[in-house]
1. Given the criterion closer than 18 Å to B:K52 by Cβ and touching a strand residue (DSSP E or B) at 6+ places or on another chain (Cβ under 6 Å), identify the matching residue among A:T131, A:T207.
2. Within region A:68-87, can you find the residues that are of a type in the set (F, W, Y) and within 26 Å of the chain's Cα centre (by Cα)?
3. How many residues does region A:207-227 contain that are charged (D, E, K, R) and touching a Ser or Thr at 6+ places or on another chain (Cβ under 8 Å)?
4. Which of (1) modelled with pLDDT of 95 or more; (2) farther than 28 Å from A:K282 by Cα; (3) open to solvent by 10 Å² or more (accessible area, probe 1.4 Å); (4) of a type in the set (A, V, I, L, M, F, W, C) does A:V227 not meet, given it meets every other one?
5. Could you tell me whether any residue of region A:160-168 is of a type in the set (V, I, T), surrounded by fewer than 24 Cβ atoms within 10 Å (Cβ to Cβ) and touching a strand residue (DSSP E or B) at 6+ places or on another chain (Cβ under 8 Å)?
6. What number of residues within region A:150-190 are over 21 Å from A:G268 (Cβ atoms), among the basic types (K, R) and touching an Asp or Glu at 6+ places or on another chain (Cβ under 9 Å)?
7. Have a look at B:D155, B:D174, B:D148, B:D218 and point out the one that is open to solvent by 30 Å² or more (accessible area, probe 1.4 Å), within 25 Å of B:A324 (Cβ to Cβ) and either touching a residue at least 12 places away in the same chain (Cβ under 8 Å) or touching a helix residue (DSSP H, G or I) at 6+ places or on another chain (Cβ under 8 Å) (or both).
8. If we scan region B:367-382, do we find a residue that is within 23 Å of the chain's Cα centre (by Cα) and among the hydroxyl-bearing types (S, T, Y)?
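The values are calculated or read from the model by the stated rules, or taken from the named source; none is laboratory data. All values reported here derive from a predicted model rather than from experimental measurement. Note that each Cβ is placed from the backbone with ideal geometry, even for glycine, and that neighbours are counted across all protein chains shown. With ligands, DNA and RNA removed, areas are computed over all heavy atoms of the protein, side chains included. Shrake-Rupley method; radii C 1.70, N 1.55, O 1.52, S 1.80 Å.
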Amino acid sequence: MATPAQVAKRRTDIGPPHYEKFLPPVIRENYGKWKYHETPSPGVLVHVSESGARLFSVRAATPRLMSIETLRLFASLADEFSGGYLRFTSRNNVEFLLSDGDKVEGLVARLRQEGYPVGGTGPGITNIVHTQGWVHCHSAASDASGVVKSLMDALFPHFERMDLPAKVRVAFACCLNMCGAVHCSDIAVLAVHRKPPKIDHGRVPKTCEIPSTVAACPTGAVRPAMVEGKQSVSVIEDQCMFCGNCFTVCPSMTMADPENDGISIWVGGKVSNARHEPMFSKLAIPYLPNNPPRWPEVVGAVGNLVDVYARNARPFERMGEWIERIGWSRFFKLTGIEFTKYHIDDFRHAGESFRRSTHIRQSPEG
Amino acid sequence: MSDRKTPLLDELETGPWPSFVREIKKSAKSPMARDLLGVLERSYAEKRGHWKHGGLVGVKGYGGGVIGRYNDLPEEFPDVAEFHTVRVNQPSGWFYTSEALRTLCDIWEQHGSGLTNMHGSTGDIVFLGTKTTELEPIFSKLTEAGFDLGGSGSDLRTPSCCAGPSRCEWACYDTLAFVYDITQSFQDELHRPAFPYKFKIKASGCPNDCVASVARADMSVIGTWRDEIRIDQAAVREYAREGKLDIQRDVAARCPTRCIEYDGSTLTVDDPNCVKCMHCINAMPKALSPGVDRGATILVGAKAPIIEGALLSSVLVPFVKMEAPYDDIKELLNAIWELWSEHGKNRERIGEFIQRIGLGNFLEQIGLDPVPEMVTQPRTNPYIYYDLN
């Protein structure tokens, strides 16, 4: 038991530290007074204040999963180049915040040398937001970090160069829970299960609450059942679309299936309001095999999407805006992706995506 | 453990992108990091994960902040038999000093695997992998250093925001101050899960929405303005002279409401028709900027697919001035939470709840009047629940 003195000492509910103490002087002095910004080279932003003061942000790649040794390296680089000030971005890049423009070049070189290349600004491809995968998650249908590493190795020229019509936001999620905004990305890479849960009837009574397990199923496929005299559940397999929600509440309904788990690819989503309203990503490829350690099929498919987009989209057109302009039939033709019955929605409100007009881009070639 | 071979993972150490495998190896003086590498290699060989559901682990007095994680091969990988995640509430805008970062590293070196995520999807600093016995020591050292845990489970998840006015000319309100204020104001809701399901709040300073709030926050607070876009015509002419941008094609023609006219030297905006999309401002940051009558649009209900399908947030309050102490928003949050806590089903997000009971009924219950900004168009079906009582 803790003594009263120890109890009194315990601090709770203090919340995060106040951000102000982590802001460099140039930001504190120009907070809310920024006038415009420029991107003199990929990965380097210059913000200019109404006062004329300038802030240089140097953005470098990180693998998100980082050792404290790397964080200490970043701390040392911040001490050497940016007065000890740095931040991280919403897409897991690190940014060093410099008030001295003369130090930018040296920092960029050092970061490259240490293996954390600079880039990720403007019309290109920045870091892939992603989930935990096999590193830490119980419901993962694939690893996350390995797919992301393989993809970014291949897409790397677009990280270092701002050479695309617009930004292409790529995101990865290792199951349909989609930790993060995967479903509104230019290219969403989503690991999927494709077989119904395997029920361990011996463990269900000990590990699962039957009513909440039944209620967890969006399609009503999970039913209470007596199996060998014990309370358990059964699954109407035709009704299962492999979302894994039952597994989330009932650990004895496992989804992992090395043979059949794999990866789907979705395109054309965005979250920004610029030009077009935010939109969901739509299915491009229903299934590619899980092929660690380098996932060549996934890397090839994403590379193809980026290449076809880069060749055909107009300046400022995001993937989804480009596809809307040319139509989905031409998208499938240009990318060489096969259109299948899986592309046609058959969940709730499915009819909303049926074409109910003759607005078709007809072509003599068929 | 250290002589364990990892031929599959080793292949991920090559290539230009920084390698997470190298990161795990950098932490290899921790037995936990070594066993993580071992179990991950096994997953790569078998194409399946080896983590079990979380158990109920945490720190005293909190229900959230720690994700329990256990390995299903504890005999082979004893050092990751328990491998819990600790979520640490990040500072607004993810700003740090080298000193603060080192403090966090020192705590994590002593009490965990030495592996982190900077940051997790919701925005927290993620300490990846520790044992149950280390949780209280970690918590006491964190709080001593001025840090606290973030949210998990059916609670208010750690709010997060973009860089806002700290580093962006487009910030229409102070996202950092707002997120700090609501995080401090709702500490109980954040640490002690009492909602039907998770509730996320994300704050973006402008409609570019750099924290993707419209896609993943139960409440999305997105900066906007009501008056005219400010135009510096001299700077417009400078863009024209530079010639990198075709102002007619790339700016005027890309305006979603066609409210921009450009006659070759002067650019004008039909402001009442401007939907504040940001495109022209993004394209010509030196010439155009948001107006000065600034605030935010509040939207609710975004979520990923589980359970009833993915949703984007939808408009609840078309415009609100964003001034401390943000009483309007706090009242709104309390009204929403009270209704949802009483009538929401277990694991039903607020977006799904609103769809189930109807947005009209939801508005009535929380005391907001319906306005046309909330919909893209009025209903087209005549199945109206006329309410004559």
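1. Numbers: A:T207 fails: touching a strand residue (DSSP E or B) at 6+ places or on another chain (Cβ under 6 Å).
It is A:T131.
2. Within region A:68-87, A:F74 is the sole residue that qualifies.
3. Our first condition is that a residue be charged (D, E, K, R); within region A:207-227, this holds for A:209, A:223.
Pick out the ones that are also touching a Ser or Thr at 6+ places or on another chain (Cβ under 8 Å) and you get A:223.
Residues meeting the conditions: 1.
4. So A:V227 meets the others, but not (1).
5. Start the filter on region A:160-168 by keeping residues that are of a type in the set (V, I, T), which leaves A:168.
Among the residues that remain, those that are also surrounded by fewer than 24 Cβ atoms within 10 Å (Cβ to Cβ) are: none.
No - not one qualifying residue is present in region A:160-168.
6. Going through region A:150-190 one residue at a time, the tally reaches 0.
7. Details: B:D155 fails: open to solvent by 30 Å² or more (accessible area, probe 1.4 Å); B:D148 fails: open to solvent by 30 Å² or more (accessible area, probe 1.4 Å); B:D218 fails: open to solvent by 30 Å² or more (accessible area, probe 1.4 Å).
Every option except B:D174 fails the conditions.
8. Step one: filter region B:367-382 for residues within 23 Å of the chain's Cα centre (by Cα), giving B:374.
From the residues that got through so far, the ones that are among the hydroxyl-bearing types (S, T, Y) too are none.
The answer is no, given that none of the residues of region B:367-382 is within 23 Å of the chain's Cα centre (by Cα) and among the hydroxyl-bearing types (S, T, Y).
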